[in-house]
Amino acid sequence: MFQAARGTADILPEEQPYWRYVEKAIDGITRLYGYQRVDTPVFEDTGLFRRSVGEYTDIVQKEMYTFDDLGGKSMTLRPEGTAPVCRAYLEHGMQNLPQPVKLYYVSPIFRYDRPQAGRYRQHYQFGAEAIGEGDPALDAEVIDMAWQFYKSLGLAKLSLQLNSIGCKVCRPQYLAALKDYYAGHANLCNDCKARLEKNPLRLLDCKQSTCQPLAGSAPASADFLCPACAEHFTRLKKYLGLINIPFTLNHRLVRGLDYYTRTVFEIQPEEEGGQSTIGGGGRYDDLIEELGGKPTPGIGFATGIERIILNLKKQGFTAPETPGLRVLIAFMGEKAREEAIKLAARLRLSGISAAAAAGEKSLKAQLRQANALNVPYAVIIGEDEVKAGTVTLRDMSGARQETLALADLPERLK
Ligand code: HAM
């Protein structure tokens, strides 16, 4: 027997109400903040992710689903959503639209991660990107949007972690200080020994027991900001205060992707901390240029839908049921079957959700099925009803029934 691949999951009908609930909240929040939907392909040129996410990140080094297509081109299943949106922004000349351009997506993301609760090899992200404006007011608006999104879902006890990791002007001094600090510790994990040379920022989010305790006393990026970055950060904090978004400064927060500049943030369940982050994002002012465009700032965030649902369930939340089938038409005999088929088609054309029973079940078994399906109404057609041009309508909850003319049924059901 085949099974779904490790780290992937079927989203079965009984789970769907949670997904519809989250999707509805996404519709609501994106409309409120003026974001338009974009859908990009599931796979892209591998170079796009190497260039943007960064050669020495875990995602690029260990987690990408990369393959050569039959034409010999290296392709990668999207391991994150920001780079494809920036690629689309450039490809479709969106720099000529009024800036910032505000786009959102809901899409499957693929990472060869170690599967565990809330961590999958295919997961879904809702992400939003605001491209073409560097004002810290936009950082505050994006963070506010993320925060209000979780609030609109009813997610409680979240904490917002905030940091600034500077820009290409001030980052080098910070990286030098980080290198100095970590070089003094001999027992780094093997990955971190390599990171120390190639990408020292990544040491701060290493989860290994050898390295994690060191992050607490490491130099803080916020202490190395150039005047422009410091001003940006100060204004962001002020704007967040103006709109009452509570945040915690976290100088260890660097995020796992290389394209970030200045603002980085994460939203975590209060009790569990960084391992179960439900959303995160930040500014990426150099990314569009890195992908071949003219210098264009951007900021965005993304959140994993499975993690949202996991947290909603932990809180004891039950998603509202989505309505199922309304009418099942039961019948006795061949003539009645034909009437049932025609009637089901007619009801559906008038907008009433209906199905005719199928197969060779007895009338009793057909009604049992209506019960099991939780269908509120059954329509019964027997030989007598066929002759008289009537049907019997049964209210399944009270087991009350009435006989009426076939032609009157759609109106009566409505
Ligand atoms: P990220 O933090 O890598 O950011 O992923 C965003 C969210 O996706 C995480 O907070 C988490 O909820 C969810 N997630 C990540 N990996 C998994 C996984 N293996 N299984 C389940 N859920 C997962 C980004 O991808 C950036 N593109 C966010 C961004 C947008 N930055 C700027 N704009």
> From the phi of every residue in region 313-318, what ³J(HN,Hα) in whole Hz does the Karplus formula 6.51 cos²θ - 1.76 cosθ + 1.60 yield, where θ is phi - 60° and glycine or proline is x?
Replying inline: 5, 4, 7, x, 7, 10
>> Starting from the 7 Å offset along Cα-to-Cβ, what nm value, one decimal, do you get for the label separation of residue 23 and residue 10?
In response: 1.9
> When a footprinting reagent is the concern and you count Cβ atoms within 10 Å, what order do 350, 107, 209, 164 take, fewest first?
Replying inline: 209, 350, 107, 164
> Among the lysines, which have Cα under 21 Å from the Cα of residue 73 when same-chain residues fewer than 8 positions away are ignored?
Replying inline: 62
>> Can you sort 204, 242, 103, 158 from fewest to most other Cβ atoms within 10 Å of each residue's own Cβ?
In response: 242, 158, 103, 204
> Binned at 20 Å from 0, what are the whole-percent values of the Cα-Cα distance distribution for the chain, short to long?
Replying inline: 23, 43, 21, 12, 1
>> Using 0.36 nm times the number of residues separating residue 114 and residue 91, minus their current alpha carbon distance, what extension gain do you get?
In response: 4.9 nm
> Between Rg and the Kirkwood Rh of region 223-302, both from Cα atoms, what is the Rg to Rh ratio?
Replying inline: 0.98
>> As an exercise, identify the trypsin sites (Lys or Arg not before Pro) in region 306-371 lying in DSSP coil whose Cβ has no more than 14 other Cβ atoms within 10 Å.
In response: 326, 361
>> For the chain, what does the helix formula give at 222 nm: sum of -39500 (n - 2.57) over DSSP H segments with n ≥ 4, over the residue count, nearest 500 deg cm²/dmol?
In response: -10500 deg cm²/dmol
>> For a Förster distance of 22 Å, can you work out the FRET efficiency between the beta-carbons of residue 317 and residue 205, rounded to the nearest 0.05?
In response: 0.15
>> Would region 327-413 count as rounded, prolate or oblate if I go by the C-alpha gyration tensor, calling it rounded below 1.5 in a/c and otherwise prolate when a/b exceeds b/c, oblate otherwise?
In response: rounded
> Rounded, prolate or oblate: which fits region 14-99, taking a ≥ b ≥ c as square roots of the Cα gyration tensor eigenvalues, rounded meaning a/c under 1.5, else prolate when a/b beats b/c?
Replying inline: oblate
>> Report the gain in length on full extension from residue 68 to residue 412: 0.36 nm times residue separation, minus Cα-Cα distance, nm rounded to one decimal.
In response: 117.9 nm
> Counting pairs on different chains as well as pairs 8 or more places apart, how many Lys pairs in region 78-217 have Cα atoms under 23 Å apart?
Replying inline: 8
>> If neighbour count is taken as other Cβ atoms inside 10 Å, put 338, 44 in order from fewest to most.
In response: 338, 44
> Taking H as built 1.01 Å from N, whose amide H comes closer than 5 Å to the amide H of residue 75, not counting residues under 5 places away?
Replying inline: 46, 67, 68, 69
> Short version: ³J(HN,Hα) in whole Hz for each residue of region 352-365, in order, from phi by Karplus 6.51 cos²θ - 1.76 cosθ + 1.60 (θ = phi - 60°), x for Gly and Pro, what are they?
Replying inline: 9, 6, 8, 9, 7, 4, 9, x, 10, 6, 5, 4, 4, 5
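Only the coordinates and a few stated rules stand behind these numbers; no lab work does. This structure is a prediction, so every number in the text was calculated from the model and none was measured. When we count neighbours, we look across all protein chains shown, and the Cβ atoms used for this are built from the backbone with ideal geometry, even at glycine.
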